[in-house]
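Beneath this line is the structure, given in structure tokens, with notes to follow.
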Amino acid sequence: MLQRLQSIYLLLASLALFALFLFPLVHNIYVGGKPITLMVTGVYQDVNGQNTHTEFFTGLTIATAILALIPLVIIFLYKNRKQQIALCYSALLVIVGYSFWLSQTAKKIMGSIQIDTHNWGIGLFLSSLSMLLILLAIRGIKADEKLVKSADRLR
């Protein structure tokens, strides 16, 4: 059943993770006197008025793409709700680890520079949003499981 509410939550979680490719984590941070923008694909720096990709995060980019596909795969496992729940919890743990990796990468690039709220990008909140959506999906899957068990008792 692809029309279930938890399928929509999982789809939105996947879209939130894919949106990390579009939105910066932090922007307008001055490192070495030049403004940089930090995204999951790498560091973008203002060089002669042009926004240039100066450092690439290949591992982070690949991990983001794989992580964004996990909720999509979970949607199509609707026949095995217990496996869906287990994979959702696993995805939550992986997203927490990924967020830690992302924050450590940002700290390494920025050094001792502190960011203010006006430097935060939308990408900073997208992994948290995806975790919330996966938690809502788990709640919906558990409700379906409970409904199926109650229907089985009536037979």
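Laboratory data are not the source of any read-out in this text; all were calculated from the coordinates shown. It should be emphasised that the depicted structure is a prediction, and the values quoted were computed from it without experimental measurement. Glycine also receives a Cβ, built like all others from the backbone with ideal geometry; neighbour counts cover every protein chain displayed.
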Cβ-based exposure ranking for TYR44, TYR78, in which fewest neighbours within 10 Å come first: TYR78, TYR44
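Under 18 Å between alpha carbons: how many lysine pairs meet that in the chain, if sequence neighbours fewer than 8 apart on the same chain are excluded?
Eligible lysine pairs with Cα atoms under 18 Å apart amount to 8.
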Cleavage-rule hits, trypsin sites (Lys or Arg not before Pro), the stretch 33-127, DSSP coil, Cβ neighbours within 10 Å at most 11: LYS79
The chain, helix-only ellipticity at 222 nm - DSSP H runs n ≥ 4, -39,500 (n - 2.57), divided by all residues, nearest 500: -21500 deg cm²/dmol
Residues of the stretch 31-66 with amide N under 11 Å of the 7 Å Cα→Cβ point at LEU93: none
Residue order, fewest to most surrounding Cβ atoms within 10 angstrom, among THR61, THR52, THR117, THR37: THR117, THR52, THR61, THR37
